[in-house]
Every structure is written in structure tokens, then in C-alpha cells.
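Have a look at the structure below before the remarks.
The values are calculated or read from the model by the stated rules, or taken from the named source; none is laboratory data. Keep in mind that this is a model prediction, so the values were computed, not measured. Here the Cβ positions follow ideal geometry from the backbone for every residue, glycine too, while neighbour counts run over all protein chains shown.
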Amino acid sequence: MAIIKRALISVSDKNGIVDFAKALVGLGVEILSTGGTAKLFRDNNIPVIEVSDYTGFPEMLDGRVKTLHPKVHGGLLGRRDLPEHVAAMQAQSIPNIDLLAVNLYPFEATVSKPNCTLEDAIENIDIGGPAMVRSAAKNWNDVAVLTDANQYEAVLAELQANSGELSKATRFKLSVAAFNRIAQYDAAISDYLSSIDFEASQNASQPVRCMFPGQVNSSFIKVQDLRYGENSHQQAALYRDLCLAPGSLVTAQQLQGKELSYNNIADADAAWEAVKSFDSTACVIVKHANPCGVALGANALEAYSKAFKTDPTSAFGGIIAFNCTLDGTAAEAVSKQFVEVLIAPDYTAEALAIFQAKANVRVLKIAMPKGGSTAWEQGRNFMDSKRIGSGLLLQTADNHVISEKDLKVVTKKQPSLTQLADMLFAWRVAQYVKSNAIVFCGDGMTLGVGAGQMSRVDSTKIAAIKAQNAGLSLQNSVVASDAFFPFRDGVDVLAEAGAVCVIQPGGSMRDEEVIAAADEHGLAMVFTGIRHFRH
């Protein structure tokens, strides 16, 4: 380990930098700095040498050129273990720089502003900072490089504990973090510039951006390794997006239970995304990525009890999610069944005490996005992706929400207000069921769910069978279909089962035949004009 004798500090984010620099000076470290950072140090009585004085070359071009100098990069890149490097640096009077602390111009924050111009964006592309970071990170054996204020405390603690030295392991870790930061920074610049329609932007006050840029660069950070993947012979890990959406599963706090598995995480995400879409108190039970029970209630217990009734068999070993605080009464009821993962925005002390007796139950706490379903709509306004062989499919998220005014009644029979409310509930549930999706509902709860069949009529039959197996009557129920009925046979089956209302997108070449079948059975049918395929 080599002692840190000289540090170059140049940061746009000044958070914590004064205390960090003071501590370095206390360890006998000489400080080099630039512009605003150097001024901040002088104002706080921290001894500092301006880089322009150090290099003998003034800052120029409005600060665009200040650290791009051999005396800076030589000091960062020179290897201490190579005699020819040492001799060359001595011949050119280039001292070693042992520590670099740099955070880059705030490009990401700048382009996220609604009034950002292309000129603003370009001026916030850092050149010298990334160049120095790459130099220091490449020479990690001899140089420590810090790119985030969160690193200051741990680095100082090690320096103070080891008489001004940093271990090789720490320097390598800092180097990896530095290269990751540069990759993220360059990706953000590439994403932004690739999205600009230059011709369309010429006569606009702000850049016109395309929905799908010419290049897409993803940045994900590993959260944890998983025991195995979808099957035990597969390896897996969980990564989170660099930009976290509020109230997403990867922000969850695990309060107790075994480590989450790959399938646990996938199913928990399906349950959480569904339950947080409701404004009213709701419970969603998911099994193998499909909701097997969804209900609204006056409280958590009522919502859970109704959801569980839909399919008690499938609920065994499922994922249960609430969009409200789980209290002791509801927890007592939930604890009577085998549950893999439990999710809620919060828990009462009584509820947590009940599940402490079931140590294997994974209990997750996730903050609900502020603003209810409105926040949910906004929070889901991002791209959905799906990997294919050597490629990637991107689409805008399926976050279209309909209201009663969007519905078009196409049958002779008109639905009642209560039936309209149940149809909108059923439609929301169908959005989370794998296609072909058929959902029977009534009184704010699912009664039968048919999912993932190659034929829509088979999904309809399965949903009816599920209800029968659960001892639930489908008389006077409503039905949601995630896509249009291609033939009248599905309508015949749901009418025979007891349904009286149907909500579906419409748009089939046989719509007239399907509507005629509904009229024949005395059903009310409404069209939404959109579909919710979920593959």
C-alpha cells in the first residue's frame, strides 16, 4: 500500500467535500483543485493549489480546458512500478497524483428539466472529468479515484486507520465504481442525443425527442445473487434500474423470511403492480404470475376474504399483496393459509407479531406512490421491454386507464351503475391476467379467472369451472375479456354460466355476430376500444 500524498479534487456536487478535504489535509495530503471547488476550499481556510498554477497553463475556453494537461494525466497515469515511467515523469517534473475526487457535470439532471435546450445539454457534457476518472481508474494500482460523495466516509476511515494508505482491494473497488459511473454517464448522453429529431428541432424552442431513440443503453445495478433461477438448474441474479420508479418492487424492505427466489420476485412484482393500481382498499393474490383472486373491501380483512374465496386451491402458496396497512385482524386470517410472500405498504405491530411465528414467510414493505391510481398511471409511464434472441422489444407501458365515460354500450340492454362499476373493476383485473384473459366478477371481487389459453372460449370455460370449484355462483355476474371475442361461442358460454354483462374491446370482424348473441341472451355489452394483451 502506498501513502496518499497528493489529491486532485474537482467536483460539481459540493456535498461533503469540505469535510473530506479538511480530513485529507489533516493526514498531510496536498490538495490540487479547480475553479469553484478551489474557491470553496479557500473560503473554508483549506490550503489548495489551483490546477492552473500547478500546470502553468491557464484555464481557457470558459473552463472547457483546465485539466487536459500532461502534468495532470501524467500524474494520474504514471506507474510507480515501472522505472521508465518514473524516469520520464522526473524528467518532465510531473509529480504523482495519488487520489482523484471528481463528480461530473450534472448532465442527467439538466436534461430531465422540462425547459432544457440542446445548448444546455451540450454545455453539461463533461470532458475533462471523465478523462481524469478514466486515467485514475486505469491506474488503480497506484491511484484511488472517488466519483460519489457517498464514498468519502469509508475512504477517510481507512486512510485514518492505516496512516494514510488504502488497500489494493479498496482501490480496485473504487476503480470499478468509477468505470461504472463513466459508462452510465456516457449512456445517458447517448440516449439523449440519439432521441433528438434534429430536423424537427430546428424551428422549435426545445429539442424534439423521438419515443424510440436510435440507440438504447440500459444501466442496471446488481441487488443480489439468487439461489437459482426459474428452475433449480438455472443461475440468476436480481438487478435494479439505475433510475428507480417510486413504489416499485425493487425498493421493497424485507422485514422477515427466507431469501426471495427468482419466481417469488416475478410473482411479487405482478401482485404489487396490480394491487397498487386500485384507489379503494384492495387485495390481490397471485399464483404463477396470474391473479387468482382480486377484491375490494371496506378494510384489509374484507378485501382478503373476498379475494381468497375466488380460488382457495390456487391461493395455496401464493403471493398476497395489499395496498393498505395490514392490521392484526387481517394478518390473523392470512396466517391461516400457506403464503410465500406478503406485501403491504405498512404493517401494525400486531400484524408483524403474528407473522413472526411463521419465520419462512417473506414479509415485504413497499411505500405506495403518493397520489393513488393517478400516481400509478404516471409512475408506469415508462418503457416495457422483452428480450428476444439477439434482440430487444421495446414498447410504451400498458397504463391506459378507462372510465365510465369511455364505454360504449352496443347492446339493447343497458347496464346499471352497479354493473358498470363491476365491469370497470373486472377490466382492471383483466389487464394483469395472461392472455387470453377472461375474468368473472361481482360485488367488487373476482369470481372466476381464465388465463393463458390459446382459445378465448377455453379461457371462458375454465373461468366458469374455477368458480364452480370454489362454490361461487356466477348468476348476475359481469365478465371482462382482455381482447375481442372472435366468435360468439365465448358469449354463449358466459351467458350459460349466468353472466349478465360483458366488457370487451370490440373490433372483431364478427362484432355484429357477437353483439347479436349478447342481445339473444339478454346481456348488456360495452366496448372499450382498447385491448390489454399480456403475454
query: How many of the residues making up the range 403-443 are surrounded by fewer than 18 Cβ atoms within 10 Å (Cβ to Cβ), in contact with a Phe, Trp or Tyr (Cβ under 7 Å, 6 or more places away or on another chain) and in a loop (DSSP other than H, G, I, E, B)?
result: 0
task: Looking only at the range 115-128, count how many residues are farther than 18 Å from Leu68 by Cβ, out of contact with any Pro (no Cβ under 6 Å at 6 or more places or on another chain) and touching a residue at least 12 places away in the same chain (Cβ under 8 Å).
output: 4
- prompt: Does the range 56-66 contain at least one residue that is in a loop (DSSP other than H, G, I, E, B), among the β-branched types (Val, Ile, Thr) and out of contact with any Gly (no Cβ under 6 Å at 6 or more places or on another chain)?
  reply: no
- line: A careful count of residues in the range 454-485 that are surrounded by 17 or more Cβ atoms within 10 Å (Cβ to Cβ) and assigned to a loop (DSSP other than H, G, I, E, B) gives 7
message: Considering only residues that are more than 12 Å from Arg134 (Cα to Cα), in contact with a Phe, Trp or Tyr (Cβ under 8 Å, 6 or more places away or on another chain) and either surrounded by fewer than 16 Cβ atoms within 10 Å (Cβ to Cβ) or at pLDDT 95 or above (or both), which ones fall in the range 172-188?
response: Phe172
- request: Please tell me if Phe278 is within 30 Å of Ile127 (Cα to Cα), within 21 Å of the chain's Cα centre (by Cα) and in a loop (DSSP other than H, G, I, E, B).
  value: no
query: Wholly within the range 95-146, which helices (runs of 4 or more DSSP H) include no fewer than the required count, namely at least 2 residues that are at pLDDT 90 or above, small (Gly, Ala, Ser) and over 27 Å from the mean Cα position of the chain (by Cα)?
result: 128-138
- prompt: Do we have any residue at all in the range 236-243 that's touching a residue at least 60 places away in the same chain (Cβ under 8 Å), under 20 Å from Val111 (Cα atoms) and not assigned by TED's automatic domain parsing to the domain that holds Leu100?
  reply: no
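Would the range 69-78 turn up any residue that is in a loop (DSSP other than H, G, I, E, B), closer than 28 Å to Glu158 by Cα, without any contact (Cβ under 8 Å) to a residue 40 or more places away in the chain and not basic (Lys, Arg)? Break it down stepwise before answering.
First, pick out the residues of the range 69-78 that are in a loop (DSSP other than H, G, I, E, B): 69, 78.
Within this subset, residues satisfying the condition of being closer than 28 Å to Glu158 by Cα are 78.
Then keep just the ones that are without any contact (Cβ under 8 Å) to a residue 40 or more places away in the chain; that gives none.
Within the range 69-78, not a single residue is in a loop (DSSP other than H, G, I, E, B), closer than 28 Å to Glu158 by Cα, without any contact (Cβ under 8 Å) to a residue 40 or more places away in the chain and not basic (Lys, Arg).
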query: Restricting attention to the range 267-292, and to residues there that are within 16 Å of Ile438 (Cα to Cα) and in contact with a Lys or Arg (Cβ under 7 Å, 6 or more places away or on another chain), which single residue is surrounded by the fewest Cβ atoms within 10 Å (Cβ to Cβ)?
result: Ala289
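Identify, from the list Ala367, Ala359, the residue that is surrounded by fewer than 21 Cβ atoms within 10 Å (Cβ to Cβ), in a loop (DSSP other than H, G, I, E, B), touching a residue at least 24 places away in the same chain (Cβ under 8 Å) and out of contact with any helix residue (DSSP H, G or I) (no Cβ under 9 Å at 6 or more places or on another chain). Step through it out loud before you land on a result.
Values: Ala367 fails: out of contact with any helix residue (DSSP H, G or I) (no Cβ under 9 Å at 6 or more places or on another chain).
Of Ala367, Ala359, the one residue that is surrounded by fewer than 21 Cβ atoms within 10 Å (Cβ to Cβ), in a loop (DSSP other than H, G, I, E, B), touching a residue at least 24 places away in the same chain (Cβ under 8 Å) and out of contact with any helix residue (DSSP H, G or I) (no Cβ under 9 Å at 6 or more places or on another chain) is Ala359.
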message: Go through (1) outside any loop (DSSP other than H, G, I, E, B); (2) in contact (Cβ under 8 Å) with a residue 12 or more places away in the chain for His532 and report which single condition fails.
response: (1)
query: Given the structure, is Lys466 within 21 Å of Ala289 (Cα to Cα) and touching a Gly at 6+ places or on another chain (Cβ under 6 Å)?
result: yes
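Identify, from the list Ile97, Ile127, the residue that is within 30 Å of Gln206 (Cβ to Cβ) and touching a Leu at 6+ places or on another chain (Cβ under 8 Å).
On the way: Ile97 fails: within 30 Å of Gln206 (Cβ to Cβ).
Of Ile97, Ile127, the one residue that is within 30 Å of Gln206 (Cβ to Cβ) and touching a Leu at 6+ places or on another chain (Cβ under 8 Å) is Ile127.
Quick one: how many residues across the range 331-348 are among the aliphatic types (A, V, I, L, M) and more than 29 Å from the chain's Cα centre (by Cα)? Steps first, please.
The first filter runs over the range 331-348 and keeps only residues among the aliphatic types (A, V, I, L, M), leaving 331, 333-334, 339, 341-344.
Of the ones still in play, those that are also more than 29 Å from the chain's Cα centre (by Cα) are 333.
The total comes to 1.
Yes or no: Arg428 under 16 Å from Arg531 (Cα atoms) and basic (Lys, Arg)?
Answer is yes for this residue.
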statement: Taking the range 496-520 and keeping only residues that are touching a strand residue (DSSP E or B) at 6+ places or on another chain (Cβ under 9 Å), surrounded by 14 or more Cβ atoms within 10 Å (Cβ to Cβ) and not aliphatic (A, V, I, L, M), one is left with Gly498, Cys501, Gln504, Pro505, Gly506, Asp511, Asp519
